[in-house]
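Taken together, the values in this text are just the output of simple stated rules run on the coordinates, not laboratory data. Treat the numbers as computed from the prediction; the structure is a model and nothing was measured. FYI the Cβ positions are ideal-geometry reconstructions off the backbone, even for glycines, and counts take in every protein chain you see.
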Amino acid sequence: MSKKIVVIGSCNTDMVVKSDRLPVPGETVLGGAFMMNLGGKGANQAVTVARMGGNVTFVAKIGNDFFGKQSIERYNEEKINTDYIFSDPFLPSGVAQIMVDMNGENCIVVASGANAALRPEDIDKVKDIIESADFLLMQLEIPMETVEYAAKMACQKGVKVILNPAPAAFLSNELLKCLYAIIPNKTEAEMLSGVKVTDWASAKHAADVIGSKGVETVIITLGSKGALIKEGSQYQEIPVKEIKAVDTTAAGDTFCGTICVGLSEGLKIKEAVVMASHASAITVTRPGAQASIPYRQELTF
C-alpha cells in the first residue's frame, strides 16, 4: 500500500505573459504572448506528487468562483483527493501574474485571495488526515501561523514534515524543529542562514547554519549547478546536466513533490534528489506551471 502524502498550500490561476525581456519599473514591453494556467506552489506540488504516482491529499482554500471550481475539476482529473479543499464565501481564488523572458527567467506577483484565509481552524478539520499521513509537504503561500500549526500537529504524531520555504520568509526555531527536511533555493537559504551562497562551499556553510537550528536534512537547490544535500553531518553534491530553460516556473515545485514521492517509496535522500532533478529538468523545458510538470513515465534516468 502506497504511503500517504498530504500537501497543504496555495492554489492559484496563473496569468502568464512571455516576452523577449522583463520590463523595468515604469516600462511597457510590447510583443508578448499570453497563457492562462493553473498554478500555486501547493497545487503544483500536489499535481507533481500525483503525476509521480504518489497517494496525495491536497488541503487548500479557494474562492466560490470560476477559477476555484475549475481548479477542483482539474485536480480530480489528476487523481488528487480534493475532499479537504475549502471554499471561502467572500474572498476570490488566488491569482498570480507571471512574466517570463526569452531565457526562461520569471518574475511573479501573487494576489493571494482565499489562500490567505486558510487558517489553523481549517487545519483542525483535517486533523485525522494529517495525523494518519506519512509525509506532510508545505510551502509559504499560506499564512505562517497555519504552516506552524500543521507542522506541530504532524510532528507530534511522527509524520515527516517537509517544508519548501518559498517565498522566502523568516522561520521560527519552533517551526524548524518540527521539520524532517527543508528544501530552500539559494535565495531562501541565504535568508535563513545569513550566508551568501555562491558555490558548493558556501552552500555547505549555509546548510550547516540551517541544520544547527534543528533540521536534520537540508537540501539546497542551486539552479543550473544542481543541489546540495546535508543529511546529519554528511554532504552530497548532486550536479545536473546543462539544459536550455524555456520557463523555470514550477521547477522548484516539481523538485519538492518528486522528492516526497521518492522518499515515500523508500528511496534514500540522494536517490530521491536525483529523481527530482530529472523531473525538474523536464519542467524547465516547457512553458507554464502545472502544464510543464512531467509524468512518472517520462523519467528515463
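If neighbour count is taken as other Cβ atoms inside 10 Å, put L228, L30, L299 in order from fewest to most.
On the way: L228 25, L30 7, L299 15.
Placing the least packed residue first, the sequence is L30, L299, L228.
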*If one computes P(r) from the Cα atoms of the chain, what percent of pairs lie at distances over 30 Å?*
26 percent
*What's the exposure ranking of I210, I182, going from fewest to most Cβ atoms within 10 Å?*
I210, I182
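At 222 nm, what value in deg cm²/dmol follows for the chain if DSSP H runs of at least 4 each add -39500 (n - 2.57) and the sum is divided by all its residues, to the nearest 500? Kindly include the intermediate steps, with their values, before the conclusion.
On the way: 10 runs with 99 residues, N = 301.
Helix-only estimate at 222 nm: -9500 deg cm²/dmol.
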*Find the cysteines in the chain that fail to meet the 4.7 Å Cβ criterion with every other cysteine, and list them.*
C11, C107, C256, C260
_Restraint check, K177/K268; K186/K268; K79/K157; K41/K177; K127/K241; K4/K230, Cα-Cα greater than 31 Å_ = K127/K241
*By DSSP, what percent of the beta bridges with both residues in the chain are antiparallel, rounded to the nearest 5?*
45 percent
*Over region 101-168, with a single point scatterer placed on each C-alpha, what log10 of the ratio I(q)/I(0) does the Debye formula yield at q = 0.20, 0.24 1/Å?*
-0.82, -1.06
*For region 232-301, give the magnitude of the charge dipole about the Cα centre (Cβ charges: +1 Lys/Arg, -1 Asp/Glu; no others), in debye to the nearest 20.*
80 debye
*Write down, largest first, the equivalent ellipsoid semi-axes of region 221-301 in whole Å, where each equals the square root of 5 times an eigenvalue of the alpha-carbon gyration tensor.*
21, 15, 10
*When the chain is modelled as a GNM with alpha-carbon springs shorter than 10 Å, which of Q236, Q139, Q45 fluctuates the most?*
Q236
*Loop sites only, by DSSP: take the GluC sites (Glu not before Pro) in the chain that have at most 16 other C-beta atoms within 10 Å and name the longest stretch containing none of them.*
106-215
*Could you list which residues have their amide H under 5 Å from that of D14, counting only those 5 or more apart in sequence or on another chain, with H placed in the peptide plane?*
N37, L38, G39, A96
_Under 5 Å between amide hydrogens, which residues at least 5 positions from A227 or on another chain qualify, with H placed 1.01 Å from N in the peptide plane?_
L222, I238
*For region 117-130, in order, what is each residue's ³J(HN,Hα) by Karplus, 6.51 cos²θ - 1.76 cosθ + 1.60 with θ = phi - 60°, in whole Hz (x at glycine and Pro)?*
9, 7, 10, x, 5, 6, 5, 4, 6, 10, 3, 5, 5, 5
*Among T28, L38, F67, whose Cα sits farthest toward the positive end of the charge dipole of region 12-98 (+1 at Cβ of Lys/Arg, -1 at Cβ of Asp/Glu, about the Cα centre)?*
L38
*If you plug each phi of region 252-269 into the Karplus form 6.51 cos²θ - 1.76 cosθ + 1.60 with θ = phi - 60°, what whole-Hz ³J(HN,Hα) values come out, in order, with x for Gly and Pro?*
x, 5, 4, 4, 5, x, 5, 4, 4, 5, x, 5, 5, 8, x, 5, 6, 3
*How long are the three semi-axes of the equivalent ellipsoid for region 6-104, computed from the Cα gyration tensor as the root of 5 times each eigenvalue, in whole Å, largest first?*
29, 16, 10
*Expressed as a fraction of 2.2 N^0.38 Å, the rule-of-thumb size for a compact globular protein of N residues, what is the C-alpha radius of gyration of region 146-301?*
1.00
*Sort region 195-249 into rounded, prolate or oblate with this rule: let a ≥ b ≥ c be the square roots of the eigenvalues of the Cα gyration tensor; rounded if a/c is under 1.5, and if a/c is not under 1.5, prolate when a/b is larger than b/c, oblate otherwise.*
prolate
